[in-house]
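What follows is a set of notes on a single structure, which appears directly below.
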Amino acid sequence: MLLPQTRSLLMGWFMAIIGLGSFVASFALARDGYLLAAEGKTPSCDINPFFSCGNVMEAWQARILFDAPNQLMGIAGWAVVATIGVALIQGAGFQRWFWRVATLGMLGAWLFLMWLFQQAVFVIGFLCLYCMVVWTTHTILFWIFLPWAAREGLLSSSPRLQQLGQRLLPYSWVPIVLTFATITLAIYVQFPLLFA
């Protein structure tokens, strides 16, 4: 059985690595979006008729909040995730309200990313590689973080919730696999030539 500080250290490294990797993907997408708008330069992830970040970035769905590119929200959000991870590595502790807000933020981000996935596949009709990286990393992060936070008593002092988190954490892979299977099936249905 790992000590609580060891478990926090592991989660800290997990969040820092996921946050940094996803920050890089969001930054690359923002850079490509800027160069597309400013110079008409083809994005680096426009690699074939199916994977076209440029077509995705030009859709209205790519500018939801104040008509600003979604990538800017990604840069900010992933910087926060990485910072929380580094803070955990350094042994920092946060109040319960902070963890509740962080969990709600992660849930909102996951729901938003799943909506963007649905829009990209079924409405826009193109895939974005950098977006897919973020769909993947955030799904992994959220479904591991949620039961971990419950187990650690970060969301509530309820022993029942902590026990539920303890029971569910080993099965975090189930919603992750179901999400990935849904995404893969949707892409297969909409873009069958990708699998030909």
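Can you list the chymotrypsin sites (Phe, Trp or Tyr not before Pro) in the range 41-79 that are in a DSSP coil and have 14 or fewer other beta carbons within 10 angstrom?
Values: sites: 50, 51, 60, 66, 78; in loops: 50, 66.
Filter output for the range 41-79: 50, 66.
Cα gyration tensor of the chain, axes a ≥ b ≥ c as square roots of the eigenvalues: rounded (a/c below 1.5), prolate (a/b > b/c) or oblate?
It comes out prolate by the Cα gyration axes.
Per residue of the chain, what 222 nm ellipticity follows from adding -39500 (n - 2.57) for every DSSP H run with n ≥ 4, rounded to the nearest 500?
So the helix-based figure for the chain works out to -24000 deg cm²/dmol.
To the nearest 0.05, how large is the calculated FRET efficiency for residue 63 and residue 9 if R₀ is 45 Å and r is the Cβ-Cβ distance?
Rounded to the nearest 0.05, the efficiency is 0.70.
At 1.4 Å probe size, put 160, 31 in order of accessible surface, largest to smallest.
160, 31
Using the alpha-carbon centroid of each, what span in Å lies between the range 74-107 and the range 124-196?
Measuring centre to centre over Cα atoms gives 18 Å.
So, with a 1.4 angstrom probe, what is the percent of accessible area on the range 47-191 that is carbon and sulfur?
70
Which ³J(HN,Hα) values in Hz, rounded to whole numbers, follow from the phi angles of the range 26-42 under the Karplus curve 6.51 cos²θ - 1.76 cosθ + 1.60, where θ = phi - 60° and Gly and Pro get x?
Rounded to whole hertz, the list is 5, 5, 4, 5, 5, 4, 4, x, 5, 5, 5, 6, 7, 10, x, 6, 5.
If you place +1 on the Cβ of every Lys and Arg and -1 on the Cβ of every Asp and Glu, how big does the dipole about the Cα centre of the chain come out, in debye to the nearest 20?
Charge dipole of the chain: 720 debye, to the nearest 20.
Have a look at 109, 120, 38 and tell me which one the Gaussian network model of the chain (Cα, springs below 10 Å) gives the largest fluctuation.
Result for the chain, Cα springs under 10 Å: 38 fluctuates most.
Once fully extended, how much extra length lies between residue 184 and residue 41, figured as 0.36 nm per residue of separation less the alpha-carbon to alpha-carbon distance?
Roughly 48.5 nm would be gained on extension.
Probe radius 1.4 Å, ligands and nucleic acids left out: which of 104, 127 has the largest accessible area, and how do the rest follow?
104, 127
The values are calculated or read from the model by the stated rules, or taken from the named source; none is laboratory data. Fair warning: this is a prediction, and the values are worked out from it, not measured in the lab. A quick note on method: Cβ atoms are made from the backbone with ideal geometry, for glycine too, and the neighbour counts reach across all protein chains shown. Quick note on the areas: whole protein, heavy atoms, side chains included, nothing else; ligands and nucleic acids left out. Shrake-Rupley method; radii C 1.70, N 1.55, O 1.52, S 1.80 Å.
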